[in-house]
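> Can you keep this structure in mind? I'll have questions shortly.
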Amino acid sequence: MTRGRTLDDPIELARLVPAEELGELVTSIEVALGCRLAISDRRGAPLAGAVDAGAAQHDIDHEGEPLAKLAASGANADAAIALARETLGLLVHHARARDLAAATHEAAMQVTFGELTEHNQRLQRAVARLEELDRLKSNFLATMSHELRTPLTSVIGYAEMMAEGLAGTVTPEQREYLTTILGKADQLLGLITSVLEVSSLESGQLALERSQLSLADVVASEVATFQPQAGRRGIAINLEAKGESVVIGDRRKIRQVVSSLLSNAVKFSPDRGKVGVEVRPGPLAPGEADPTAAVQLVVTDSGIGITREAVAKIFEPFYQADSSSTRAFGGTGLGLTLAKAYVEAHGGRIWVDTVPGAGSTFVATFPIRDQELRA
Ligand SMILES: Nc1ncnc2c1ncn2[C@@H]1O[C@H](COP(=O)(O)OP(=O)(O)OP(=O)(O)O)[C@@H](O)[C@H]1O
Ligand SMILES: [Mg+2]
């Protein structure tokens, strides 16, 4: 910021009052009084008007400092000098008031600027520290997940060998225990895998393996996987596929998106509830016009629904609508986080329409980028 003019500078009439204002002042006094009038600066340099030769110069002060020299000739010369002195005094007074306001403003700005700079530096240090912590956390999660997965794979492997009778005959009771061990170990493996995937998302490593696939086929096979567990609770899953559903994408990740939405729909539905699954062409995002821009996966349930406050957070890692739901429904709160990341990595969108107490409809879209696929 440059230093502005201050009130300590000597008074420069030419700087304080524009030339045309001085000209107008001279003309109006000359017309009013029928005389000639000239204004020069404090050193005698002419600024406006001219007088007959020999007219006397009058030094004019402003608050004790030299301001200007005035000369008048012809009729009413003394009155012209007096009037010009008064008017110049007023003009300079106003100009200096403007300068004072500007100087005050600039000083205030400099203080604020200094404070802001300091504030900014503190924030930058805090952000750097947070980024460092975040990186450490992601590294820690990735390492821990890996370290947990390795022994768990052995637990599963040995339990499977026992179940297969490789270590001798297995009694029905032992088989039942082994089934429980395998079920729980699988659950733990799933959890660890999710944590690992979220941490790799956070460190920005999400690579897609692309191939051409039919979304309807992927959805049909996932629905078949969920039928038995839904059936045990009397929940009907109704599948409908309309139109073309070929997209280019990562089969494993898309399957995980479908599985995550289906698992939630079943989990948060009451016994004998209804789950609808639809695959259809549609716009990429709500409010967009092109009806064939994407393939939409729509999963509707007649479950508990989601409150408006919770809707804003369900795609965040580890968020679950309330702590009692954690106990009642299990899970870790990573399903939707991963689903959103995978859908968006494909250039798609995911959103939800829901009414608390009545049910939810999740929509995930996958763009049909390839023009040949679209035709
Ligand atoms: N269909 C749904 N109906 C009602 N609430 C839902 C539904 N889907 C998600 N939610 C809410 O959003 C939260 C987050 O869902 P998300 O799938 O990420 O985690 P989760 O199902 O609790 O655990 P995870 O999927 O990791 O096993 C859920 O805990 C639940 O509160
Ligand atoms: Mg889930």
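The values are calculated or read from the model by the stated rules, or taken from the named source; none is laboratory data. Bear in mind that the values here come from a model prediction, so they are computed numbers and not experimental data. We place every Cβ from the backbone using ideal geometry, glycine too, and count neighbours over all the protein chains shown.
> Select, from Ser28, Ser73, the only residue that is among the small types (Gly, Ala, Ser), modelled with pLDDT of 90 or more and out of contact with any strand residue (DSSP E or B) (no Cβ under 9 Å at 6 or more places or on another chain).
Selected residue: Ser28, the only one of Ser28, Ser73 that is among the small types (Gly, Ala, Ser), modelled with pLDDT of 90 or more and out of contact with any strand residue (DSSP E or B) (no Cβ under 9 Å at 6 or more places or on another chain).
> Moving on. Scanning segment 242-254 for residues that are touching a residue at least 60 places away in the same chain (Cβ under 8 Å) and surrounded by 19 or more Cβ atoms within 10 Å (Cβ to Cβ), which turns out farthest from ligand 2 (Cβ to nearest atom)?
Checking each candidate, the answer is Val247.
> Next question, about the same structure. Can you say whether Thr292 is in contact (Cβ under 8 Å) with a residue 60 or more places away in the chain and farther than 30 Å from Gly183 by Cα, as far as the supplied structure shows? Spell out the reasoning first.
Values: in contact (Cβ under 8 Å) with a residue 60 or more places away in the chain: yes; farther than 30 Å from Gly183 by Cα: yes.
So Thr292 fits the description; yes.
> Follow-up question, since we're still on this one. Could you tell me which numbered condition Ala102 fails, if it satisfies all but one of (1) surrounded by 11 or more Cβ atoms within 10 Å (Cβ to Cβ); (2) within 30 Å of Cys35 (Cα to Cα)?
(2)
> Inside segment 56-85, can you point out the residues that are surrounded by fewer than 16 Cβ atoms within 10 Å (Cβ to Cβ) and under 60 Å from the mean Cα position of the chain (by Cα)?
Matches in segment 56-85: Glu63, Gly64, Glu65, Pro66.
> If we scan segment 356-366, do we find a residue that is modelled with pLDDT of 95 or more, surrounded by 20 or more Cβ atoms within 10 Å (Cβ to Cβ) and farther than 23 Å from Ser214 by Cα?
Yes, because at least one residue in segment 356-366 is modelled with pLDDT of 95 or more, surrounded by 20 or more Cβ atoms within 10 Å (Cβ to Cβ) and farther than 23 Å from Ser214 by Cα.
> What is the one condition in (1) at pLDDT 90 or above; (2) not assigned by TED's automatic domain parsing to the domain that holds Met109 that Ala82 does not satisfy?
Condition (2) is where Ala82 drops out.
> So if I check each of Val295, Val223, Val257, Val279, which one is touching a strand residue (DSSP E or B) at 6+ places or on another chain (Cβ under 9 Å), at pLDDT 95 or above, of a type in the set (Val, Ile, Thr) and surrounded by fewer than 21 Cβ atoms within 10 Å (Cβ to Cβ)?
Val223
> While we're looking at this one, here's another question. Taking Ser269 as the residue in question, decide whether it is farther than 24 Å from Ser360 by Cβ and in contact (Cβ under 8 Å) with a residue 24 or more places away in the chain.
Considered against the rule, which asks whether it is farther than 24 Å from Ser360 by Cβ and in contact (Cβ under 8 Å) with a residue 24 or more places away in the chain, Ser269 comes out as no.
> Restricting segment 308-332 to residues that are small (Gly, Ala, Ser) and modelled with pLDDT of 90 or more, which is surrounded by the fewest Cβ atoms within 10 Å (Cβ to Cβ)?
Ala312
> Mind telling me which of the residues Arg149, Arg175, Arg129, Arg125 ends up being within 30 Å of Glu316 (Cβ to Cβ) and touching a helix residue (DSSP H, G or I) at 6+ places or on another chain (Cβ under 7 Å)?
Values: Arg175 fails: within 30 Å of Glu316 (Cβ to Cβ); Arg129 fails: touching a helix residue (DSSP H, G or I) at 6+ places or on another chain (Cβ under 7 Å); Arg125 fails: touching a helix residue (DSSP H, G or I) at 6+ places or on another chain (Cβ under 7 Å).
Result of the check over Arg149, Arg175, Arg129, Arg125: Arg149.
> Determine, yes or no, whether Glu288 is within 28 Å of the chain's Cα centre (by Cα), surrounded by fewer than 21 Cβ atoms within 10 Å (Cβ to Cβ) and either more than 13 Å from ligand 2 (Cβ to nearest atom) or of a type in the set (Lys, Arg) (or both).
Yes: the conditions hold for Glu288.
Yes or no, residue by residue, for (1) in contact (Cβ under 8 Å) with a residue 12 or more places away in the chain; (2) closer than 22 Å to Gly359 by Cβ; (3) within 15 Å of ligand 2 (Cβ to nearest atom); (4) not hydrophobic (A, V, I, L, M, F, W, C):
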| residue | (1), (2), (3), (4) |
| --- | --- |
| Val218 | yes, no, no, no |
| Gln229 | yes, yes, yes, yes |
| Gly234 | yes, yes, no, yes |
| Ile237 | yes, yes, no, no |
| Val258 | yes, yes, yes, no |
| Ser263 | yes, yes, yes, yes |
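> Quick one: would you say Arg349 is assigned by TED's automatic domain parsing to the domain that holds Val219, of a type in the set (D, E, K, R), within 16 Å of ligand 2 (Cβ to nearest atom) and buried (at least 17 other Cβ atoms within 10 Å of the Cβ)?
Values: assigned by TED's automatic domain parsing to the domain that holds Val219: yes; of a type in the set (D, E, K, R): yes; within 16 Å of ligand 2 (Cβ to nearest atom): no; buried (at least 17 other Cβ atoms within 10 Å of the Cβ): yes.
Considered against the rule, which asks whether it is assigned by TED's automatic domain parsing to the domain that holds Val219, of a type in the set (D, E, K, R), within 16 Å of ligand 2 (Cβ to nearest atom) and buried (at least 17 other Cβ atoms within 10 Å of the Cβ), Arg349 comes out as no.
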